[in-house]
Amino acid sequence: MLSVFFVLIVFVCYTLVNSIVFLMYAYDKHTASTDRWRLSERLLIAAALCGPFGAYAAMHLFRHKTRKRKFYLVPVFLIIHISGIAYLSAVQVLPFI
């Protein structure tokens, strides 16, 4: 069983990663609307793999990259992360969930 402090640190880091990914998608949407240099789609997909909650929220809040086929991977990444969190809580690695 992991300590509650360690789990809290991991949770804070995971939330921070998702927040950064959210901001990346927001920045890319802003630059797209102002005809400036944008982030690559490869970078956005890689970021979504690490922070799918932020990517999915930003995609729908800003209506950004929702029609591109390769960005259909974002909900898949989200399901994988949810499954992993559910598994970790089921085997009682995450004590407070």
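Which residue is surrounded by the most Cβ atoms within 10 Å (Cβ to Cβ), if the candidates are limited to the stretch 1-15 and must be within 15 Å of H81 (Cβ to Cβ) and at pLDDT 95 or above?
Going through the stretch 1-15, the residues within 15 Å of H81 (Cβ to Cβ) turn out to be 10-11, 13-15.
Imposing the further condition that a residue be at pLDDT 95 or above reduces the set to 13-15.
Values: C13: 10, Y14: 15, T15: 13.
Top of the filtered list is Y14.
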Inset, instruction - Would you be able to tell me the number of residues in the stretch 1-30 that are of a type in the set (D, E, K, R) and outside any helix (DSSP H, G or I)? - result: 0
Inset, instruction - Considering every residue within the stretch 37-46, establish whether at least one is among the β-branched types (V, I, T), touching a residue at least 24 places away in the same chain (Cβ under 8 Å) and more than 20 Å from P75 (Cβ to Cβ). - result: no
Inset, instruction - Working carefully through the options T66, T34, find the one that is in contact with a helix residue (DSSP H, G or I) (Cβ under 8 Å, 6 or more places away or on another chain), among the hydroxyl-bearing types (S, T, Y) and at pLDDT below 95. - result: T66
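The values are calculated or read from the model by the stated rules, or taken from the named source; none is laboratory data. All of these numbers come straight from a predicted model, not from anything done at the bench. Using ideal geometry, Cβ is built from the backbone for each residue, glycine included, and neighbour counts are taken over all protein chains shown.
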